[in-house]
1. Scan segment 351-454 for chymotrypsin sites (Phe, Trp or Tyr not before Pro) in coil per DSSP, keeping those whose Cβ has at most 15 other Cβ atoms within 10 Å, and list them by number.
2. Kindly put Ile157, Ile322 in sequence by how many other C-beta atoms sit within 10 Å of each C-beta, fewest to most.
3. What's the exposure ranking of Trp316, Trp257, going from fewest to most Cβ atoms within 10 Å?
4. What ³J(HN,Hα) values, in whole Hz, does the Karplus curve 6.51 cos²θ - 1.76 cosθ + 1.60 give for segment 378-388 when θ = phi - 60°, with x put for Gly and Pro?
5. Hey, can you grab everything whose amide H is under 5 Å from the amide H of Asp413? Only 5+ residues off in sequence or another chain; H modelled, so Pro and N-termini drop out.
6. What are the residues whose amide H is under 5 Å from the amide H of Val200, where those residues sit 5 or more places off or on another chain and H is modelled from the backbone?
7. When only DSSP loop residues count, what trypsin sites (Lys or Arg not before Pro) in segment 323-398 have their Cβ near at most 16 other Cβ atoms within 10 Å?
8. Taking amide hydrogens as modeled 1.01 Å from N in the peptide plane, which residues meet the under 5 Å criterion relative to Ala406, leaving out close sequence neighbours?
Amino acid sequence: MTGPDDTNGHDDEVWGARRIPGPRAAADDFDLGAVPTAAPAQASGPEPGPAEPGPAEPGPAEPGPEKEPAVTTAAPAPVLPHRILKSLLGAWALAACSAEEAEAIEVHLPGCAACADEALRLRDAVGLLHTDRSLDLDPMLRARVLEGCLSRRPAKIPVPEWAAPYDAETARLDALLRDIGDAEWHAPVRLKWFEGERQVNRKTTVAGVIGHLMTVDGLVSTALGLDDPLSGGTGARGDGPVPGLPLAPTARTETYWSAARRPPTRAVRGPWRDQSHALIRTVSFAGRGVDELSVSYGDFALPLQDSLLDRAFECWVHGGDIADAVDYPYEAPSAAHLHRMIDLAARLLPAALAGRRTAGLAAPARHLVTAGSPGRSLHLEIEGSGGGNWYIALDSPAALGSPDHAVAQVALDGTEFCQLVAGHVSPVEAAAGQEGDREAIRDVLFTAASLSRL
């Protein structure tokens, strides 16, 4: 009988080749030690049966009935080579091994760390196959994985801290887009924002929203000296450049939509993601000073660091619009990134309030701002994730708000304040807590909503 320990020319490789594949092998394939076996090969013959009568003839003895083998309680696990045991781990994890194979593996695992680790990994993987569990990944999974990786081995060329929100939000939105099917790219999306004193909206599709984001991101690309995929390059659907794109984001998007020969499809995702990668890569390699580069939006301009923060904010807001349209879970940004977005809006409020005052949409300034008197302030208290305290100058965009001159206080949740700034929440219904000068409170809330745009 040949077994794994024999040395008569049959090594482990040959024995293993006869062992796999195939059903459970017969007893003569293994050295089972104490298990009783049949008579030697020279005495073997046909299946035992009733002996035929008659005298015995000279020569080899006729086969006769074999003795009943002794009954044993259990056979010891076969000793299999490491190579064979390792190849059986997948079947073992799926509970597809025979009882003898499973026993051999389980005897082997305590003494082999490599196989034990692999067995645990395979068992965990099999656990994901259970249909009673949701296979939807946590939207923040990528951010947590990247954070863990970078904390152990920082990148040689790190993304600037002020560009990190844009990097994170474009990655989160891309993860959402990767998960949706072709038909969902045509799901209707209603974009909302404020103009003057009222909320307006525009109906488009998921693909149309991504085209809008790419169109406005093109303004940042132009400021960095990169190709704008719409005005000077490939176009979002391979249509070629869209001529005559204005700088104002709303007019620019409307021009892009109206110039399309056919509705946008999921093909827009590639150019949009390539563009966002190019922006992040460029600012990461640019070095100091690039954060103050001016990005023009037609009737206003922002420093590059504020512009990318604005783009991160819009990416999150429209990511939420898309998620609502396709019934996808979508969380708010991390607390640190949300705080930066709130801070940008708070810094923009005094100038925006002055603009509304010029247009007759806000009450006139009440106090003359001098070196000794910065004028009135409103205390903006943001609660929850990304929260803090800001003092908004009410009488001059150049003045600094001061707690000593606060005439009113407004308290809002951080996410709710961002929804107000995005034009998704009515100013009348926004504030959870209000105290002080009602006119100042109304002006600031409506000014916050006026920061929104398509």
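Values quoted throughout were computed directly from the atomic coordinates according to the rules given, and no laboratory measurement underlies them. Predicted model, so just to flag it, every value in this text is computed and none were measured. A quick note on method: Cβ atoms are made from the backbone with ideal geometry, for glycine too, and the neighbour counts reach across all protein chains shown.
1. Working: sites: Trp390, Tyr391, Phe417, Phe446; in loops: none.
The qualifying sites: there are none.
2. Ile157, Ile322
3. Numbers: Trp316 26, Trp257 17.
Listed from fewest to most nearby Cβ atoms, that is Trp257, Trp316.
4. After applying 6.51 cos²θ - 1.76 cosθ + 1.60, I find 10, 7, 9, 9, 9, 9, x, 4, x, x, x Hz.
5. Glu383, Ala432
6. Counting only residues 5 or more places away or on other chains, the set is Trp193, Phe194, Glu195.
7. Working: sites: Arg340, Arg347, Arg356, Arg357, Arg366, Arg376; in loops: Arg366, Arg376.
In loop regions of segment 323-398 (DSSP not H, G, I, E or B), the sparsely surrounded trypsin sites (Lys or Arg not before Pro) are Arg366.
8. Ser377
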